[in-house]
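Data block below; observations after.
The values are calculated or read from the model by the stated rules, or taken from the named source; none is laboratory data. The structure displayed is predicted, hence computed values, not measured ones. No Cβ is skipped: glycine too gets one built from the backbone with ideal geometry, and neighbour counts run over all protein chains shown.
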Amino acid sequence: MALVRLIQKNSFMFIIYSGLYYGFLFPLLITDARSAPGGPDLSLAMYITTYMIWLILGSVWAHEQSEFKFRGYLFLQQIPVKNRDIVLSKFVLIFLSVVLFSAAHLLLFSFLLKSREHIVLSFHHLLIIAGLCLILCGLAYAGIFRFGFYAFGKYLVISWILILVIPIALTIFLFPKIGITRASIIRFTSSVPMVLYLPACLLIYVLLFRLSVRLKNRYSLKGDRYA
């Protein structure tokens, strides 16, 4: 029951960011893709799956900023809740978000893409991004529980901005000059064996969870790290 309540408490920023994304940005992306010459293609999958990382990592940053601002961790230290449950609630929420967003994107691909081959390639690329998203968020929480949001938060927001800017810059300025298209990137990632990739990502995610629990136990009471 405590875990469920912690997940509910942590989900506010994820709901806000998801609402903005699916209510505003998502329709714009769909309209842009449908108005493109020839209709939506694999470029749609390249952009939208990258935004999934940006969305979830941004939700993590916004939530932890709120925890820091309103002394959330100090409050949790005053009630009978284990550090493991605190960390677990965040990792479970991220995992559920990745699963739900992946399902939503798959439905979008199935609706917009006309070629079955393109749907399969897009879904494969989506799984690549989902696994990467889990690892990046796990690393973010390991950094937060080790250094605190005040010290680590600026690096988190910088990485959040770079995840948005770098793919756009590469696809506009660099890739066309060397003959790389967004579709060719997705076709290249289709060679990654999912039977090995996904279990490896999940294993790393579990290890990052265990590391974060140890870091939370060791550093949560030192000074005003979470004040």
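Residues of segment 31-62 being over 20 Å from the mean Cα position of the chain (by Cα) and modelled with pLDDT of 70 or more, which ones? Explain how you work it out, then say what you get.
Within segment 31-62, the subset over 20 Å from the mean Cα position of the chain (by Cα) is 31-42.
Matches in segment 31-62: 31, 42.
Being farther than 20 Å from residue 191 by Cβ and surrounded by fewer than 16 Cβ atoms within 10 Å (Cβ to Cβ) is the filter here; which residues of segment 107-131 pass it?
Matches in segment 107-131: 107, 110, 111, 114.
Residues 168, 135, 172: which one is touching a Phe, Trp or Tyr at 6+ places or on another chain (Cβ under 9 Å), within 28 Å of residue 61 (Cβ to Cβ) and either free of Cβ contacts under 8 Å to residues at least 12 places away in the same chain or charged (D, E, K, R) (or both)? I'd like the intermediate steps shown before the answer.
Values: 135 fails: either free of Cβ contacts under 8 Å to residues at least 12 places away in the same chain or charged (D, E, K, R) (or both); 172 fails: touching a Phe, Trp or Tyr at 6+ places or on another chain (Cβ under 9 Å).
Within the list 168, 135, 172, the selection yields 168.
Evaluate segment 110-121: report whether one residue or more is of a type in the set (Lys, Arg), under 30 Å from residue 180 (Cα atoms) and more than 18 Å from the chain's Cα centre (by Cα). If you could, list the steps in order and put the result at the bottom.
In the first step, residues of segment 110-121 are kept if they are of a type in the set (Lys, Arg); the result is 114, 116.
Then keep just the ones that are under 30 Å from residue 180 (Cα atoms); that gives 114, 116.
Going one step further and asking which of them are more than 18 Å from the chain's Cα centre (by Cα), we end up with 114, 116.
Yes, segment 110-121 contains at least one residue that is of a type in the set (Lys, Arg), under 30 Å from residue 180 (Cα atoms) and more than 18 Å from the chain's Cα centre (by Cα).
Condition first: buried (at least 21 other Cβ atoms within 10 Å of the Cβ), not aromatic (Phe, Trp, Tyr) and not in a helix (DSSP H, G or I). Can you find one or more residues in segment 71-78 that meet it?
no
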